[in-house]
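Just below is one structure, and these are the notes that go with it.
FYI, it's all coordinate maths here, none of it is from the lab. All of these numbers come straight from a predicted model, not from anything done at the bench. Quick reminder, even Gly has a Cβ in these numbers, built from the backbone with ideal geometry, and neighbours come from all protein chains shown.
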Amino acid sequence: MSLTEEMLTNGIKGQREDQKPKLVSTDDIKLVLSSLRRSKRRENTLTARRNYALINFLIGTGLRLGELERLTWADVDFDESLIRINESKARRQQSIPLSEAHARELESLGIGNQLVCKYTKQLIYPYYDGIKQI
């Protein structure tokens, strides 16, 4: 590079190449779900059931982690099979479908009585103390 070229380009950053998003393979997803399913059957603890339901729910619904953290029982409409996202990345309310399998998984968590929790702001996936988010 000549001196004039150096002076012209001084302080200019080179163009960054776009990086492709890192995707998880289908085989990896199957391995994780299989491991969590085994753990759920062996341990049969709330944590093991929650972990399986949480990962399965993320994969099946496409929710972002932040959206899942804020999800409460009042946001889930079991009758209409919908999940209401009150604060999405686009900063607007949206709804996503709730499959029968995911509805059964949520109901099987047994965190409180869903009929009562349906109208409360209790988090679906609470942390150990029941208040702090995941």
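When you count, for each residue, the other Cβ atoms within 10 Å and take the mean per peptide, how do 43-56, 96-109, 17-30 rank with the highest first?
Highest-to-lowest ranking by the protection proxy: 43-56, 96-109, 17-30.
With Cβ to Cβ distances under 13 Å as the rule, what net charge do the other residues near Ser35 carry (K, R +1; D, E -1)?
Here the charged neighbours net out to +3.
Just add up the charged neighbours of Arg49: K/R +1, D/E -1, any other residue whose Cβ is under 13 Å from the Cβ of Arg49.
Details: positive: Arg37, Arg38, Lys40, Arg41, Arg42, Arg50, Arg104; negative: Glu43, Glu105, Glu107.
After counting each charged neighbour, the total is +4.
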